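What follows is one structure encoded as structure tokens, with my remarks underneath.
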Amino acid sequence: MDSSGVFHPKLYLFESSDEDWSCLIGSANFTAAAFSMNTEACLLFEAGDDRSAATKRKLDKALEGYWGSGDYFDPDDLEQYRFLWNLSRQRQKGIAGGFSDKRGAKPVLRIPLLKMSWSAYYQKVLRDRQRAVDKRTAVLNEARRLFEAKGSLSRMSTPERRGIAGTAPDGDIPWGWFGSMRVARIFPVLVKDNSLALSQALDAIPLRGEVRREHYLDYIAAYLGAFPQKRGHGLATATRLLAMKRPDYFVCLDSPNRDRLCEEFGIKLGHHDYERYWDCVIEHIMISRWWTSSRPAAARAGAIWDGRAAFLDSLYYRPKPKGN
């Protein structure tokens, strides 16, 4: 239970008697990865190498000490430990860059975007080719106002819901930025008909504070359930809603930005690769220098920082040629 360091010894003692034993000491944890794909080193020594039995006595003393330092976990302790372990595991997985995925992803140190300082990222956003930074900011400000005032998507008016969903025509608020979903088929109907299931899905994402993987997976499960026979859904519409509610965590991934953004991260994402979107994009974003920076004091920079993940769209957005 000691969290001040890491319990790190790897000692394997196979013993029939004091005169018949073998021991392995080295780097390998007792895991599948250690005995398959990791690079490890171990030293084997046996009773015949320890004529005085001094080494064996040291081994026994070390094992007794390790055993004595242990403690029992009650169910509450165990539940909390598992929660903290899983949280740490997810963040370490993001740093590793491979995500245990055969299709892979670039290591984080090979992704220039993740090494950017906040200042460099901010300047890159301001150089938006579409010159739409203020329009984009207006969209996120209005989305934040609506969620803070109404709480849930289902409590909004039809024009407001369509704005959040990216299916509304541009008016005072240019809702088409951060992913226009006007050409989707089933999704606009769900939004217009005020689908309670769609609204409840978005309720799984907290409006403030940390967004965790389990929040996201709960959202995806409920989002899929909102579609009749689970047809007509996709990452574009799913991430559009997420980017409107939590633009600090999510970027809308749609056809104008998908190819360039995926190329940056060294991945390929299909329309239904929901878990990989979190594991290969969002977890990478959350360990970048610019994302973990402190909120700037200046008003314009602060507004962009509040929507810093969603603003990735401005870096990778390339409109499709007319007629496509």
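The values are calculated or read from the model by the stated rules, or taken from the named source; none is laboratory data. The structure presented is a predicted model; accordingly, all values stated were derived computationally and were not measured. Cβ sites come from the backbone with ideal geometry, for glycine too, and all protein chains shown count toward neighbours. Just so you know, the surface numbers come from the protein's heavy atoms only, side chains and all, with ligands and any DNA or RNA stripped out. Shrake-Rupley method; radii C 1.70, N 1.55, O 1.52, S 1.80 Å.
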### Query
Is it the case that the range 103-119 has a residue that's over 16 Å from the mean Cα position of the chain (by Cα) and modelled with pLDDT of 95 or more?
yes
#### Entry: Filter result for the condition that a residue is surrounded by 12 or more Cβ atoms within 10 Å (Cβ to Cβ) and among the aromatic types (Phe, Trp, Tyr), over 21, 67
21
### Query
What is the residue count in the range 32-65 for residues that are touching a helix residue (DSSP H, G or I) at 6+ places or on another chain (Cβ under 9 Å) and either closer than 18 Å to residue 7 by Cβ or not aliphatic (A, V, I, L, M) (or both)?
5
### Message
Taking the condition of being within 21 Å of residue 122 (Cα to Cα) and either open to solvent by 50 Å² or more (accessible area, probe 1.4 Å) or among the acidic types (Asp, Glu) (or both), how many residues in the range 264-308 meet it?
### Response
12
## Note on the structure
In the range 136-186, anything aromatic (Phe, Trp, Tyr) and more than 18 Å from residue 236 (Cα to Cα) is listed as 147
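State yes or no: is residue 309 closer than 20 Å to residue 139 by Cβ, modelled with pLDDT of 95 or more and in a helix (DSSP H, G or I)?
no
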### Query
Given the range 129-195, what helices (runs of 4 or more DSSP H) lie entirely inside it while holding 1 or more residues that are farther than 24 Å from residue 305 by Cα?
158-165, 186-192
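Considering only the range 275-293, state which residues are of a type outside the set (Val, Ile, Thr) and either without any contact (Cβ under 8 Å) to a residue 60 or more places away in the chain or assigned to a helix (DSSP H, G or I) (or both).
Residues of the range 275-293 of a type outside the set (Val, Ile, Thr): 275-280, 283-284, 286, 288-291, 293.
Hits for the range 275-293 are 275, 276, 277, 278, 279, 280, 283, 284, 291.
One line per residue, one yes/no per condition, for (1) under 16 Å from residue 307 (Cβ atoms); (2) aromatic (Phe, Trp, Tyr); (3) open to solvent by 10 Å² or more (accessible area, probe 1.4 Å); (4) touching a Ser or Thr at 6+ places or on another chain (Cβ under 9 Å):
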{"residue": "198", "(1), (2), (3), (4)": "no, no, no, yes"}
{"residue": "218", "(1), (2), (3), (4)": "no, no, yes, no"}
{"residue": "240", "(1), (2), (3), (4)": "yes, no, no, yes"}
{"residue": "250", "(1), (2), (3), (4)": "yes, yes, no, yes"}
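Can you tell me how many residues in the range 15-68 are in contact (Cβ under 8 Å) with a residue 40 or more places away in the chain and hydroxyl-bearing (Ser, Thr, Tyr)?
Within the range 15-68, residues that are in contact (Cβ under 8 Å) with a residue 40 or more places away in the chain and hydroxyl-bearing (Ser, Thr, Tyr) number 1.
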### Summary
Scanning the range 270-292 residue by residue, those among the charged types (D, E, K, R) and within 10 Å of residue 235 (Cβ to Cβ) turn out to be 273, 276
### Task
Quickly run through the range 213-229 and pick out the residues that are of a type in the set (A, V, I, L, M, F, W, C) and in a helix (DSSP H, G or I).
217, 220, 221, 222, 224
